[in-house]
Protein chains: 2
Amino acid sequence: MIVCKFGGTSVASAEQIQKVANIVKSNPARKIVAVSAPGKRSGDDIKVTDLLIHLAMAAVKNEDTEEKIQTVVNRFKAIADGLALDYAICDVIAEDLRERVQGDKSNEELFIDSIKAAGEDNNAKLIAAYFNSIGMPARYVSPKEGLVVNDLPERTFALPEAYINLAPLKNTKEIIVFPGFFGYTKAGVLRTFDRGGSDITGSILAAAVEAELYENFTDVDCVFSANPKVVNDPVEIKEITYREMRELSYAGFSVFHDEALMPVYKIGVPVNIKNTNNPSAPGTRIVPSRPATGRPVTGISADSGFSTLYVSKYLMNREVGFGRKLLQILEDENISYEHTPSGLDDISVIMRSNQLTPENEARILTRVKNELQADDVQMRHGFSMIVIVGEGMRNNTGLAARAATAISKTGANIEMINQGSSEVSLVFGVLQEFENKILQALYGEFFAHVQA
Amino acid sequence: MIVCKFGGTSVASAEQIQKVANIVKSNPARKIVAVSAPGKRSGDDIKVTDLLIHLAMAAVKNEDTEEKIQTVVNRFKAIADGLALDYAICDVIAEDLRERVQGDKSNEELFIDSIKAAGEDNNAKLIAAYFNSIGMPARYVSPKEGLVVNDLPERTFALPEAYINLAPLKNTKEIIVFPGFFGYTKAGVLRTFDRGGSDITGSILAAAVEAELYENFTDVDCVFSANPKVVNDPVEIKEITYREMRELSYAGFSVFHDEALMPVYKIGVPVNIKNTNNPSAPGTRIVPSRPATGRPVTGISADSGFSTLYVSKYLMNREVGFGRKLLQILEDENISYEHTPSGLDDISVIMRSNQLTPENEARILTRVKNELQADDVQMRHGFSMIVIVGEGMRNNTGLAARAATAISKTGANIEMINQGSSEVSLVFGVLQEFENKILQALYGEFFAHVQA
């Protein structure tokens, strides 16, 4: 059995949904289909999810919502038209939206969640209706039937029983059409996944039914070995391990969200990233392990927007507990960090700048200075991280030398090097302005002679 | 005013103490002299401190101590003989030892401390007597007169009031001879410094009197840029900053203990490492800052005996508090660590192996596995750290590339690279068996064309 997920652009219009039907029909193993809400049909289009957020905000402010409901319904009507479906389904959708708008507003976050989820939920109903209309026996299944998630205030994730509840879907005769992006708490409250929502739903379904494959249909042919916006015509990745994919999850590799890998990673279901608009392309397979390719590096990613908290104190490394207390101060501000390079008497904590505000930055500096009696404390901004990833990097003598040499030829200074925990990655910290130049130089070093 | 400290070999015999007198006499600014206990006179000699430890152990076991007291007294007698001092001073020493042996044994650690300190204490009395005998007005000053230290169970360090108490020594007319290695608690209990004992006393005195210079006399001409036991004829370091010296405090740079730098570092007194047996050699100066030398690297040190705790968990870097909890587990075992290189989903904690036992290792692995729900936890042993240090490394483009290239040419794999916090150091982790080969290769890379 194969679980397929179709992203927003794959289900944005009647034409796209016809492609989806053809893909599903072409392989009888494709029995479970997770779908997003209709995405953008062109560059300046508005996604249904964004229309729903406008609707939710109007409802929160007790403004008139009927016009905004109509806008959403009209998007679905256009799709139904193109698919030669009768408008009954649109009446169902309009009714559903009016009901949601009347819902419990006591918790604003949960109320907005319930409106946002209407995009996926109704699209799944529409697509199931369409499949049936063209002779593909299909059934809409609601996340209410088993996709149990945790309660606030934690970020949404599926509880272990969700996998048990959803396992019987493996016996389906019809094609299951399942809305992505949300689940229900034990008390029946709807909650959406933060990011990569429909990818996560597909992954949960694939894990629950122990699928042979999880196909993730999007609008690109594959994952590239480097960001194609920065590097010209980068090599396509045919096969990549979970670990490599995860280490590459910085920018340029946002095709498949890393949180969505978790459920399939745990039981070893391979993932295939494919293009709805070019389904014959083999795409990129994400697998537990793969044979050596003879190439040490699989991909290079880069991301900007990092800050560094630098702390120095004489004889710091004799002080048991110093690092722990420093991290505790960041934890108190609910800040997560990426790396902690250290000298004997100093340590730097590298974190994403978007977690910092002038207020928490000031609090952190004061606390580190006073509570840890540090000699020097500074927060620096404007760094990028460049990550070189490859299973072939294990025990590859000289790889760090090649990378550092390639970087030094750009004239950029290496602000940080982090190697030694993950055997499949090597991280360089550089000033943001050098990021693209360095990515190009490293790509040249490790991929120059590779056939695309 | 200059504070001088003379180490064990510098005061091991009458001949050596005559050299000390000549050195002190040759510069009237040398007004305060901190001394060690008599050290080894030759390779197979026994240090007075070791004789005293034997004495202390006998006393603890209530064995007869008179013979062991005589052995110690005879060492001092031989010195007194050679210095043409009468034996009155030796009677004083014998009496002092008998009194110490009768001391309070209720706390064994403190009892042994009080016996051990007799080496420095009596040597200071003897040297003061000798100075006076040759017409150099001198006065023995006991640490009781102001060198106040903290109480058990913390490691011994001087309390802030020690500096205030000892400051008036700056007005001395005579030469002060001060025993190194110990101080007294507020309650008058003797405690010794753990390591680098007399170096610490000299440093405290230099800071207390705000000396223009702290001269540390030992038995080598200087600090070398690399361990001369591994690298042939390494370059002598003429001037080094506190920071550089501190970052080099791994093996091969044990001439001056890093804890001893703290008091002078705080108020900026320069240190001069000199050779009692070759006092005209300029030695190595440790200074707050120094002019650029045009050479990026000042020294390279290496040390073996490191272990790595490797922990991996999917999506670890999203989990606020993960690193803090991991370090807390080590702190509960009272283990300090050196570095924490990290990937996205894994972190390694590098620590000195001598802190680990089969028992605490098993406890750590179990706790990390259970409490942090890690996917994989492993302890690995047998690593060396190689540290390249130099103030000239700030913003030195390409230095990491040169170092990594030199290492890769040895055929060794780089297990860890840590750069990015200290601007004056770059740390490589390698397997222990490659340590010497890599040290030689890095020395060749950065010092090959330097005139010794």
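The values are calculated or read from the model by the stated rules, or taken from the named source; none is laboratory data. This one's a predicted model, so the numbers in the text were calculated from it and none came from an experiment. Cβ: placed from backbone, ideal geometry, glycine included. Neighbour counts: every protein chain shown. Note: accessible area is taken over every heavy atom of the protein model, side chains too, but ligands, DNA and RNA are not part of it. Shrake-Rupley method; radii C 1.70, N 1.55, O 1.52, S 1.80 Å.
Summary of computed values
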{"item": "Range of Cα positions in the range B:136-240 per principal axis (Å), largest first", "result": "51, 39, 21"}
{"item": "Interface A:B - total buried accessible surface [probe 1.4 Å, Å², rounded to 100]", "result": "5600"}
{"item": "Vicinal HN-Hα couplings computed from phi for the range A:31-38 (Karplus, 6.51 cos²θ - 1.76 cosθ + 1.60; Hz; Gly/Pro x)", "result": "10, 10, 10, 9, 10, 8, 6, x"}
{"item": "Residues in the range B:300-334 that a label on B:N360 would reach, taking backbone N under 18 Å of a point 7 Å out along Cα→Cβ", "result": "B:305-310, B:325-334"}
{"item": "Calculated FRET efficiency for the pair B:S353/A:A292, C-beta based, R₀ 30 Å, to 0.05", "result": "0.35"}
{"item": "Average projection area in nm² (convex hull over Cα atoms of the protein assembly as shown, one quarter of hull surface)", "result": "43.1"}
{"item": "For A:316-325, mean number of other protein chain Cβ atoms within 10 Å", "result": "6"}
{"item": "Of all accessible heavy-atom area on the range A:1-121, the percent that carbon and sulfur account for (1.4 Å)", "result": "47"}
{"item": "Residues in the range A:378-419 that, when all protein chains are in place, have 50 Å² or more less accessible area than the chain alone would give (probe 1.4 Å)", "result": "A:T397, A:A401, A:N413, A:I417, A:Q419"}
{"item": "Among A:S203, A:F434, A:I112 - extreme Cα towards positive end, dipole of chain A, charges at beta-carbon", "result": "A:S203"}
{"item": "Whether the range A:412-452 is rounded, prolate or oblate, judged on the alpha carbon gyration tensor where a/c under 1.5 counts as rounded", "result": "oblate"}
{"item": "Ellipsoid equivalent to chain B - semi-axes via the Cα gyration tensor, in Å", "result": "42, 28, 20"}
{"item": "Label 7 Å beyond Cα on the Cβ vector: A:N74 copy-to-copy distances, nm", "result": "11.1"}
{"item": "Positions from the range A:328-371 whose accessible area shrinks by 50 Å² or more when the full protein complex is built, not the chain alone, probe 1.4 Å", "result": "A:E331, A:Y337, A:S342, A:L344"}
{"item": "Residues of type aspartates and glutamates that B:K5 reaches as a straight line, Cα spacing below 13 Å, ignoring anything fewer than 8 places off in the same chain", "result": "B:E120, B:D199, B:E215, B:D219"}
{"item": "Most to least packed among B:371-382, A:217-228 [average Cβ atoms within 10 Å]", "result": "A:217-228, B:371-382"}
{"item": "For the range A:283-294, Karplus couplings with θ = phi - 60° (6.51, -1.76, 1.60), whole Hz, Gly/Pro x", "result": "x, 10, 9, 9, 10, x, 8, 8, x, 4, 9, x"}
{"item": "Heavy-atom surface of the protein assembly as shown, accessible at 1.4 Å and reported per residue (Å²)", "result": "39"}
{"item": "Distances in nm from A:P137 to the matching label points in the other copies, shortest first (labels 7 Å along Cα to Cβ)", "result": "11.5"}
{"item": "Phi to ³J(HN,Hα) by Karplus 6.51 cos²θ - 1.76 cosθ + 1.60 over the range A:394-401, Hz, x for Gly, Pro", "result": "3, 6, 8, 4, x, 5, 4, 5"}
{"item": "DSSP bridge orientation in chain B - percent antiparallel, rounded to nearest 5", "result": "60"}
{"item": "Cα gyration tensor shape of the range B:115-168, rounded if a/c is under 1.5, else prolate or oblate by comparing a/b with b/c", "result": "oblate"}
{"item": "A:I414 long-range amide H proximity, modeled H, under 5 Å", "result": "B:G398"}
{"item": "Whether the range A:21-168 is rounded, prolate or oblate, judged on the alpha carbon gyration tensor where a/c under 1.5 counts as rounded", "result": "oblate"}
{"item": "Cα centre as origin, Lys/Arg/Asp/Glu Cβ charges: the protein assembly as shown dipole, Debye", "result": "1160"}
{"item": "Label-point separation, A:E67 to A:E319 (7 Å along Cα→Cβ), nm", "result": "6.1"}
{"item": "Flagged links, alpha-carbon separation over 27 Å, of A:K313/B:K229; B:K238/B:K409; B:K47/B:K105; A:K25/A:K77; A:K47/A:K105; A:K325/B:K369", "result": "A:K313/B:K229; B:K238/B:K409"}
{"item": "Chain A: angle of helix A:435-447 to the longest principal axis, Cα-based, in degrees nearest 10", "result": "90"}
{"item": "About the Cα centre, charge dipole magnitude for the range A:54-211 (Lys/Arg +1, Asp/Glu -1 at Cβ), debye", "result": "320"}
{"item": "Apportionment of accessible area to carbon and sulfur, the range B:299-447, percent (1.4 Å)", "result": "44"}
{"item": "Charge dipole of the protein assembly as shown about the Cα centre (unit charges at C-beta), most positive-ward option of A:H381, B:F322, B:A374", "result": "A:H381"}
{"item": "Inter-chain Cβ neighbour average for residues B:236-249, partner chain, 10 Å", "result": "2"}
{"item": "Separation between Cα centres of the range A:171-194 and the range B:255-278, rounded to whole Å", "result": "69"}
{"item": "Check: chain B dipole with +1 on Lys, Arg Cβ and -1 on Asp, Glu Cβ, in debye", "result": "1100"}
